[in-house]
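Since the structure comes first, as structure tokens, the remarks are kept for the end.
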Amino acid sequence: MLIHCCSKTVALALPLCLATACVMPPAAQRPKTREQQAPTRNSSAEAPGSGGSVPSASTPQDQALDLLAMLVESGALTPEQYAALSEDPRFAEFTGAAPPASTPVMPAAAAEPGGQPRVILDDSGLSVRSADGETRIDIGGRIQADASAHSRNGQAGTDITDGTELRRARLEMKGAMRNGWIWAAEADFADDATSLKDFWMGVKNDDGSKLMFGHQKQPFSLAVEMSSNDIPFTERGADASLIAPFVDRAIGVRYEKPFEDSFFAAGLFGESVAANKDDDEGWGAAARFVHAPIHDDEEVLHFGVRGAFRKPMSSTKSVRIRHETTHASNFYVVDTGTLAGVDSAALAGLEFAYVTGPLSFAGEWSTVMLDRSMGDVNFDGWSLESAYSLTGESRAEAYRMSAGEFKRLKPARDAQGLDLASGGAWELAARVSNIDLNDGAVAGGEANMLTTGVNWYPTDFTRFLFGWTNVLSTRGGSAATNDADGLDAITLRAQMTF
């Protein structure tokens, strides 16, 4: 690129230099420039960067070099272009003299021009990079438009909402600055409201480790750590609702470090961004360790263990756990109601995943132990899922050891618009999940749920999901839990990330 630019510059600048040399009076007779008049500069003509005086520019070659130096100082030429011009064989032809024995360079003060930032606009969004590459800003987002319906209302007259919604409508920015500083800022405008998601700053070290401060995810669970852009279902399993009240995004500090075959993350957190001026807020800690003895583009074997602890806000000491059929339904299959007198919650869990070619499996188990003044209780949840790519793509290619998680499929061949036959990746997915909120005096209900899906990825930044969920069985709980037995829910989603 430099050679190409310099070639063009030679063709334009050398005739100009020759013309200038022919009509320009000797340097001693020309008016002095502002820099030459400055008392800090030597009054003699000075070769750029030579550090000493040289004879006044009186020959055509000297005058041409003088002009080139002025062009560099004004920013019209770069130092590299200056060097290429002065060494070009055509220089002697135009000036009537041989090129200088040693190529002059600009003084240190002008040798490092700021350069122009690079702007990149592609399928990943808008990216701006500084000339030195140390500073960047990436702008992107996601759109998830849903439509959902249920097979019936509750048998006891409970109304279940069907309809459409923007499940997620997010804009995000992330970036890096010199000396390893990184940051992220993301807001969600779904439900005609604004909520902050990732809003943090941090440092990334040369070994890949990060230390982040701000509003961010707590390290607990493969499904929760993965983005909603990447999971093969429209919603996470019922077991994710068990842990969400304790390990959702919160303000805190998080440390994570990848290894060759492992990943570790831990953090200390307060509450979310909701304003609290009434009492001391709650706090918690979470940690997750992943080991993947096999991880290549065709096969992945992933194991994980995690734990967390949370102390609720001292004024409330309460928690509520429940699971909704769809995000828009307002119908909860299981629900503990508000549990008062909670002094603390301890969480533990296991996870695994195995991918071989187009076939993948994953499973998770979580338990929550509540220390209550009214009697301790223990709740559990689990999920087992599988996905198969009909077009041959492998989720192994989308595994990231640097985060201990999977990204979404990338089609081997893009589709042309909505032409189903022209390309894209096709995926089948199935999951069984369980959540059990019955223990002691608490009868929140237990539900087993089956979810199946058919997904089409026209490109790596778009996908369409069809999901069907059936409540296989329920036990205990409220009348709503009994109503949910055998209920079907269907969700369609159009998604774009940028």
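Key figures for this structure:
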{"read-out": "Residue list for the stretch 373-392, restricted to those being under 30 Å from Gly440 (Cβ atoms) and either of a type in the set (S, T, N, Q) or surrounded by fewer than 20 Cβ atoms within 10 Å (Cβ to Cβ) (or both)", "value": "Ser373, Met374, Gly375, Asp376, Asn378, Asp380, Ser383, Leu384"}
{"read-out": "Condition check for Gly453: touching a Pro at 6+ places or on another chain (Cβ under 9 Å), in a strand (DSSP E or B) and small (Gly, Ala, Ser)", "value": "yes"}
{"read-out": "Residue, surrounded by the most Cβ atoms within 10 Å (Cβ to Cβ), within the stretch 118-137, restricted to residues that are charged (D, E, K, R) and under 15 Å from the mean Cα position of the chain (by Cα)", "value": "Arg136"}
{"read-out": "Selected residue (criterion: nearest to Asp206 (Cα to Cα)) from residues of the stretch 152-188 that are at pLDDT 95 or above and assigned to a loop (DSSP other than H, G, I, E, B)", "value": "Met177"}
{"read-out": "Which numbered condition Arg395 fails, given (1) touching a Leu at 6+ places or on another chain (Cβ under 9 Å); (2) closer than 20 Å to Ala238 by Cβ; (3) buried (at least 21 other Cβ atoms within 10 Å of the Cβ)", "value": "(2)"}
{"read-out": "Residue list for the stretch 445-483, filter: of a type in the set (A, V, I, L, M, F, W, C) and more than 13 Å from Pro232 (Cα to Cα)", "value": "Ala447, Met449, Leu450, Phe461, Val471, Leu472, Ala479, Ala480"}
{"read-out": "For Phe259: the one exception among (1) surrounded by fewer than 16 Cβ atoms within 10 Å (Cβ to Cβ); (2) touching a helix residue (DSSP H, G or I) at 6+ places or on another chain (Cβ under 6 Å)", "value": "(2)"}
{"read-out": "So Ser344, is it crowded, with 17+ Cβ neighbours inside 10 Å, farther than 20 Å from Leu409 by Cβ and assigned by TED's automatic domain parsing to the domain that holds Asp239", "value": "no"}
{"read-out": "Count of residues meeting criterion [in contact (Cβ under 8 Å) with a residue 60 or more places away in the chain and either outside the structural domain of Val355 (by TED's automatic domain parsing) or not charged (D, E, K, R) (or both)] in the stretch 263-295", "value": "9"}
{"read-out": "Check on Leu418, assigned by TED's automatic domain parsing to the domain that holds Arg431, of a type in the set (A, V, I, L, M, F, W, C), buried (at least 22 other Cβ atoms within 10 Å of the Cβ) and assigned to a loop (DSSP other than H, G, I, E, B)", "value": "no"}
{"read-out": "Hits in the stretch 315-326 - residues which are in contact with a helix residue (DSSP H, G or I) (Cβ under 9 Å, 6 or more places away or on another chain) and either surrounded by fewer than 17 Cβ atoms within 10 Å (Cβ to Cβ) or not charged (D, E, K, R) (or both)", "value": "Val319, Arg320, Ile321, His323, Thr325"}
{"read-out": "Residue within the stretch 432-444 that is in a strand (DSSP E or B), of a type outside the set (Gly, Ala, Ser), touching a residue at least 60 places away in the same chain (Cβ under 8 Å) and over 30 Å from Phe289 (Cα atoms) present", "value": "yes"}
{"read-out": "Subset of the stretch 481-498 that is closer than 30 Å to Gly141 by Cβ and β-branched (Val, Ile, Thr) - its residue that is surrounded by the most Cβ atoms within 10 Å (Cβ to Cβ)", "value": "Thr491"}
{"read-out": "Residue selected from the stretch 335-372 under the condition over 23 Å from Gly477 (Cβ atoms) and polar (S, T, N, Q), by the criterion farthest from the chain's Cα centre (by Cα)", "value": "Ser344"}
{"read-out": "Residue in the stretch 189-198 that is in a strand (DSSP E or B), of a type in the set (A, V, I, L, M) and in the same structural domain as Val334 (by TED's automatic domain parsing) present", "value": "yes"}
{"read-out": "Extreme residue, farthest from Asp297 (Cα to Cα), among residues of the stretch 398-412 that are of a type outside the set (S, T, N, Q) and surrounded by fewer than 21 Cβ atoms within 10 Å (Cβ to Cβ)", "value": "Ala403"}
{"read-out": "Filtered residues of the stretch 337-363 (kept if in contact with a strand residue (DSSP E or B) (Cβ under 6 Å, 6 or more places away or on another chain) and either closer than 28 Å to Lys317 by Cβ or in a loop (DSSP other than H, G, I, E, B) (or both))", "value": "Leu339, Gly341, Val342, Asp343, Ser344, Ala345, Ala346, Leu347, Ala348, Gly349, Pro358"}
{"read-out": "Residue selected from the stretch 295-322 under the condition hydrophobic (A, V, I, L, M, F, W, C) and part of a strand (DSSP E or B), by the criterion nearest to Pro245 (Cα to Cα)", "value": "Val319"}
{"read-out": "Evaluation of Gly115 against (1) more than 22 Å from the chain's Cα centre (by Cα); (2) buried (at least 18 other Cβ atoms within 10 Å of the Cβ); (3) at pLDDT 70 or above; (4) not acidic (Asp, Glu) (one fails), failing number", "value": "(2)"}
{"read-out": "Checking Ser241 against (1) in a loop (DSSP other than H, G, I, E, B); (2) in contact (Cβ under 8 Å) with a residue 12 or more places away in the chain, the condition it does not meet", "value": "(1)"}
{"read-out": "Residue among Gly337, Gly349 that is surrounded by fewer than 15 Cβ atoms within 10 Å (Cβ to Cβ) and in contact (Cβ under 8 Å) with a residue 60 or more places away in the chain", "value": "Gly337"}
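The values are calculated or read from the model by the stated rules, or taken from the named source; none is laboratory data. Because the structure is a prediction, the values reported are computed rather than measured. Cβ: placed from backbone, ideal geometry, glycine included. Neighbour counts: every protein chain shown.
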